[in-house]
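The values are calculated or read from the model by the stated rules, or taken from the named source; none is laboratory data. Values in this document were obtained by computation on a predicted structure and should not be read as measured data. Cβ atoms come from the backbone with ideal geometry, glycine included; neighbour counts cover every protein chain shown. All accessible areas refer to the heavy atoms of the entire protein, side chains included, with ligands and DNA or RNA removed. Shrake-Rupley method; radii C 1.70, N 1.55, O 1.52, S 1.80 Å.
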Amino acid sequence: MTEEIQEPVIPGNYSARKQTRWEKLDTVKGKKAVHLDGIHDSVDSTYISPGQLYSTESGRMFHAGQVCVCICGQPARGKTNLSISLCRYLRWLGLKSNLFHMGNYRRAKTGTITDDFFKPVPDTEEAFKMRKELTESCVQDMKAFFQGDHGQVAIYDAVNAISKERVELVERMKLYGIRVLFIESLVTDDNLLRANIQDASKSPDYQNWDSKQAVEDYKKRVEMVAPHYQEMNEPSLSYVKFINFGERLIVKNSNHDFLTSKIVFFLMNSKIKRGSVYMARCSNNKLSFKSDPPLTEAGREYSQKVMKTVLGHISKFKGENFYHNVQRPKIEATKRQPAYGVDGQHENSLVVWTSVRRRTVEAAQMFKDLGITTRHRQQLTQLNPGDAEGLTLEELKEKFPHDYEEHLADPYHHRYPRAESYHDLAVKVEPLLFEMERMRGDVLIIADETVLRVLYGYLMACHSYDIPTLKFPENEVIQITYNAYTNTATRIPVEGLEQTED
Amino acid sequence: MAVYSVVDNLRVCVVMVGLPARGKSLIAQKLVRYLSWLSINTKCFSVGNYRRKESVHPSADFFDPENEMGFLIRRQATDLAIKDMLEWFDNGDGVVGILDASNITNERRRQVLQIMRENQIEPIFLESYCDDQELIRKNVKDIQETSPDYKSIQEDYAIKDVLERISIYEKSYESIDVERDSDLTFVKLINVNTEIIINKIESYLESRIAFFVMNLHIKPRYIWLSRHGESQYNLEGKIGGDADLSERGWKYAKKLPSLVEKYIPNHEKLTVWTSTLKRTQQTGSYLPYPKKTWKALDELDAGVCDGMTYEEIAEKYPDDFKARDEDKFEYRYRGGESYRDVILRLEPIIMEMENLENVLIITHQAVLRCIYAYFMNVPQQQSPWMSIPLHTLIRLEPRAYETLVTRIKADIPAVSTYKEKGTSKLGESTKNDHSMAGALISSSSSKDV
């Protein structure tokens, strides 16, 4: 087909799709060894998220109205971690969401903060007043976000220990026409709690502290709140109890609300992620989309280098041959069976994901030979370039002048004839994102650059305009580590390959 | 795109739990429909069907635990169902198997658990717990009307029998207990979804099932579907675009309120959904109900062919025209969408639709085909060829064993927008499997539905 693409005579869906959906960002991120993710940047009014399926006139999704998600729970229950990962997911879904951490308001407050302040019911008038003040300024900011910035979800991260105060928040928000959904994080497992206290003692509150002292101080804070904390049981409120980080969820009065069930869906899959996600390019990316040749000798050498780099890197933390510890023994029939076909449950596990293409399957065989689980996912197949395949920018401009313009304006959503867009790819990989969230061990994804861009975009909360131009050179492996506060991406040079200059 | 490919060898076994008339079969059937619609290989193994082979119309005392014969037959039926499921996992690339039985005692559940664990499968128990009498009463009636157990049996007797069956079961009923069963994977729905307990979900697919189930309600309701009224583009035989209604289209819009009014029982609450395109909004403009506009309900995007007639497409893009006829489900218009793309973007709509009570959806031909296929379990290869005429209101009534369809003709003439395979001419299908199920009634007739 050499037919020229013509614009329809009467504007319809086609024209609607053509409209520029956001302004071009002129910031170009420099190449640094370590990147922090964008989850703490506020979203601007032109924000379109990577995974958004559709938009409504108001710019809000699901006609769900505006929702304040109020996170409750005693200290060391992973509230901040929970609110950040929830925000990451909701934004990716297309809901304009922002985080409101009480801790940040407190830290921004000058002057000393006494221990008394951390008690849900402080003893001194002064601490009491300060609590009120901080809460008020947080509520005011949320109100401004809803009313001025077209926000849809405000995630309010605070202890919220007192039942009466929770009911008051609901009434207050009701005045602004905003629903409140509570998520209470409860931990009944002492081991989990201990591990979490260790984690929390590394928060910004304890910068430059001796680690032992930090743990002691944090424990004190935990103990101070405990006797005052009132577990959620309010019959009139909508809430989700999130027990032992997702082992059990109890959903009360969800009233068939779509957003609530979507959040519960996310919570079911949200584990406290300990492992890292590694991303590496597959070899030979210049191939035509439809061809599926076996791995070449050069590709084999390259894949071996990638393997050596990744295994060497993980061994530094987990010891040589760490993957030997994860072979799944056959469990007796009297015991709980590990979910059939589900990987990454062991903290020491490494799972390798590739596409179903021959060369990537063969590259993964090296890992398989070592006893490492490898999975081949259809969703990890590179973006289908359609009729644009193999064409240079000049040729594209000549052959599809109209599409070329469109692509420049919206490289994320635009698809050339017969092609897939990055957005199509993002929607396709959503199940993989959840599986990634569930894994307790490491995962190595060997895929085409187009796929890596989309996955990186989710993990690092990238603006969709930036995703199509993210760079993943073959001589680097990207490691993304999950942290309570922010995900971090590190570039690891592949051993034995020439490194390019910055 | 299959959400799960067989490469992963993933297996999920869902074990239903609950007294009769708690909507178990409805939930099981909906799960099959939803997962199949998403290309996940799913099958329901209904113990009732295995049991019916032995005893066609059993009376309530058959279900009495004291009745040894009945107990044995039911036990065998369950074993057979499980055996078939395991075989299906091994030989049929099965991914999600659903065991539809009451499984009301702890002992029974432990037996099922043991068999499953011996086969290295950790089942997920799905309990529907309900003590809302009004809801139970409605479910009982539903069972009496649609269950194969009560085919050609008198109504009074049947209802009495169901109630008796329930009271026999109630004696030995042990609900899933958060303490005792804390090591099991389960989802417990209490009074539909006033409270939902989700325990030890271990895989993404299980979470997806739980997500779907928590969006369901088993309250009886209607789903109304309609295409927009005839548009200017329809008159010209063009596809896509954002045209206004034709004169006859406006007539349909004006008649719609009285049609809905006539067939909606007791003036229940109704919500109207339209797409963002003018023709659906105009069609809904006389309806006195709350309205929502969804981008996701917009017509399949025909890309470069938007605004053309099929004849023009056949002439201008002959290869594409042929390719589309060959695989209409997968074919994606240049710069546009395929039916599969539409299903993906409709998923949130389906989820919210399961959530709502009465809803009237005014949308477009391709989108309606996808929604209809979901509710009626129409296979992927067939659904893009369904004939859904203009100026016809469709009423779906999801029931425990099937979805009932009623089509109400507005008796306002309109052009046909149906295109048979292999031609570029428009005209209604002559093939039976392309027409919708259910009764067709004319709005001028006085027949009550």
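Worth a mention:
- Working from Cα pairs under 8 Å separated by at least six residues, relative contact order for segment B:10-215 is 31 percent.
- Looking at segment B:10-215 alone, DSSP beta bridges between its own residues are antiparallel in about 20 percent of cases.
- Space enclosed by the convex hull of the alpha-carbon atoms of segment B:223-442, per residue, Å³: 113
- Column: log10 I(q)/I(0), Debye, Cα scatterers of segment B:115-239, q = 0.21 Å⁻¹: -1.26
- A:Cys462 exposes around 10 Å² of accessible area when a 1.4 Å probe is run over every protein chain in place.
- A:Glu476 long-range amide H proximity, modeled H, under 5 Å: A:Val494
- Peptide packing: for B:228-238, A:200-210, the average count of neighbouring Cβ atoms within 10 Å per residue gives the ranking B:228-238, A:200-210, highest mean first.
- Separation between Cα centres of segment B:146-206 and segment B:413-439, rounded to whole Å: 42
- Based on Cα contacts under 8 Å between residues 6+ apart, chain B shows a relative contact order of 16 percent.
- Each of B:Arg137, A:Arg491 has its accessible area taken with a 1.4 Å probe; listed largest first, they run B:Arg137, A:Arg491.
- Cα convex hull volume per residue for segment B:10-215 (Å³): 121
- Solvent-accessible area per residue, Å², over segment B:10-215 with all protein chains present [probe radius 1.4 Å]: 38
- Debye-sum result for segment A:149-300 in log10 I(q)/I(0), which assumes one identical scatterer on each alpha carbon, at q = 0.16 Å⁻¹: -1.04
- Rh by Kirkwood over Cα pairs, then Stokes-Einstein D for segment A:440-502 at 0.692 mPa s and 37 °C, µm²/s: 255
- Heavy-atom accessible area, 1.4 Å probe, ligands and nucleic acids excluded: residues of segment B:117-165 down by at least 30 Å² from chain alone: B:Arg117, B:Gln120, B:Glu122
- Nonlocal amide H pairs with A:Leu186, under 5 Å, H built at 1.01 Å: A:Phe242, A:Ile243, A:Asn244, A:Phe245
- Both chains summed, the buried accessible area for A and B stands near 6400 Å², from protein heavy atoms and a 1.4 Å probe.
- Tensor-based shape of the protein assembly as shown (alpha-carbon gyration tensor, a/c under 1.5 rounded, otherwise prolate or oblate): rounded
- Note that segment A:61-269 presents 42 Å² accessible area per residue, ligands and nucleic acids not counted, probe 1.4 Å.
- In straight-distance terms, cross-link reach from B:Lys316 covers every one of the lysines whose alpha-carbon lies under 21 Å from its own, apart from those fewer than eight places away in the same chain; here that gives A:Lys399, B:Lys238, B:Lys328, B:Lys419, B:Lys421, B:Lys425.
- Peptide A:249-255 has a mean of 6 when you count, residue by residue, the C-beta atoms of other protein chains within 10 Å of its C-beta.
- Electrostatic dipole magnitude of the protein assembly as shown [Cβ: Lys, Arg +1; Asp, Glu -1; Cα centre; debye, to 20]: 720
- Cβ neighbours within 10 Å from other chains - mean over B:188-195: 3
- Accessible area per residue in Å² at 1.4 Å probe, computed on segment B:223-442: 35
- Cα pair distances in segment A:349-389, grouped into 5 Å bins until the bin that holds the longest one, percent each: 6, 24, 26, 18, 12, 6, 5, 3, 0
- Phi-derived couplings, Karplus 6.51 cos²θ - 1.76 cosθ + 1.60 at θ = phi - 60°, listed residue by residue for segment A:465-477: 5, 7, 4, x, 10, 4, 10, 10, x, 5, 8, 9, 10 Hz, with x used for Gly and Pro.
- Taking all pairs of distinct alpha-carbon atoms in segment A:61-269, Kirkwood radius in angstrom: 17.7
- Of A:Lys143/A:Lys220; A:Lys305/A:Lys471; B:Lys141/B:Lys188, those spanning more than 28 Å from alpha-carbon to alpha-carbon: A:Lys143/A:Lys220
- Amide H contacts of A:Asn487 (H built 1.01 Å from N, under 5 Å, at least 5 apart or other chain): A:Asp37
- Structure note, pairs B:Lys255/B:Lys291; A:Lys252/A:Lys330; B:Lys160/B:Lys262: Cα-Cα distances above 29 angstrom occur for A:Lys252/A:Lys330; B:Lys160/B:Lys262.
- Fraction of accessible area attributable to carbon and sulfur, segment B:10-215 (%, probe 1.4 Å): 48
- In order along segment B:157-167, the Karplus-derived 3J(HN,Hα) couplings, from 6.51 cos²θ - 1.76 cosθ + 1.60 at θ = phi - 60°, round to 4, 4, 4, 4, 5, 4, 4, 5, 4, 4, 5 Hz, and Gly and Pro are given as x.
- Segment B:223-442, relative contact order in percent, only Cα pairs under 8 angstrom and at least six apart counted: 25
- Distance between modelled label sites at B:Glu195 and A:Asp149, nm, 7 Å Cα→Cβ extension: 3.8
- Share of Cα-Cα pairs in chain B lying beyond 37 Å, as whole percent: 32
- Averaged over the residues of peptide A:376-383, the number of Cβ atoms from other protein chains lying within 10 Å of each residue's Cβ is 2.
- Hydrodynamic estimate: the Kirkwood radius of segment A:196-271 over Cα pairs, inserted into Stokes-Einstein at 4 °C and 1.567 mPa s, corresponds to D of 86 µm²/s.
- Residue-level accessible surface for B:Ile412, protein heavy atoms, 1.4 Å, Å²: 20
- For the protein assembly as shown, share of DSSP beta bridges that run antiparallel, in % to the nearest 5: 35
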